[in-house]
Amino acid sequence: MAITGLPTTVGDDIVTVTPGSYHSVDGQAGTDKLVLNWATLTTDVTWRDIGYGWWRFEDSFSSAVDFYAFETFDITTGSGNDRVGGWGGDDRFVTGAATIPSVAAWARTRLTVARAATCGP
Ligand SMILES: [Ca+2]
């Protein structure tokens with residue numbers, strides 16, 4: 001299944017996304033976690049602000065998720081040159097080659113980088 005954890009509620013939700021599909025999900029109220037199990041991807045995963053409080057993780061090829069009102073992230077990406085982030089919550093990132101923005105903002109982040117990592121703006 002490409003996405004699990006739906007429908008979201010006003011309580012705490014965990015939504016998990018796997019590769020090969022596009023989804024749009026609103027976490028609603030509560031403390032919600034978005035899980036990306038994208039370890040098999042060989043493409044570059046990025047994230048960006050798409051407006052009105054919505055953000056998107058995508059690989060610009062086969063997989064994307066638009067999300068709103070998620071507080072924490074558990075992100076696993078593949079062998080691409082990925083650039084991902086969160087809000088400084090209790091997140092987990094497992095990447096291949098990674099660029100991790102803003103070191104100071106990551107004091108509470110548990111970071112696991114499988115191979116090369118670069119810290120920068
Ligand atoms: Ca929720």
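The values are calculated or read from the model by the stated rules, or taken from the named source; none is laboratory data. The shown structure was predicted, so the numbers you read here are calculated from the model rather than taken from an experiment. Virtual Cβ from ideal backbone geometry, glycine too; neighbours counted across all protein chains shown.
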- Note on the structure: Requiring at least 2 residues that are touching a His at 6+ places or on another chain (Cβ under 9 Å) and modelled with pLDDT of 70 or more, the strands (runs of 3 or more DSSP E) wholly within the range 38-121 are 64-68
- Does the range 14-29 hold any residues that are under 21 Å from S60 (Cα atoms) and part of a loop (DSSP other than H, G, I, E, B), and which are they? T18, P19, G20, S21
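A quick yes/no check of all residues on (1) within 11 Å of the ligand (Cβ to nearest atom); (2) of a type in the set (F, W, Y):
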residue	(1), (2)
V10	yes, no
I14	yes, no
D26	yes, no
A39	no, no
W47	no, yes
D59	no, no
T72	no, no
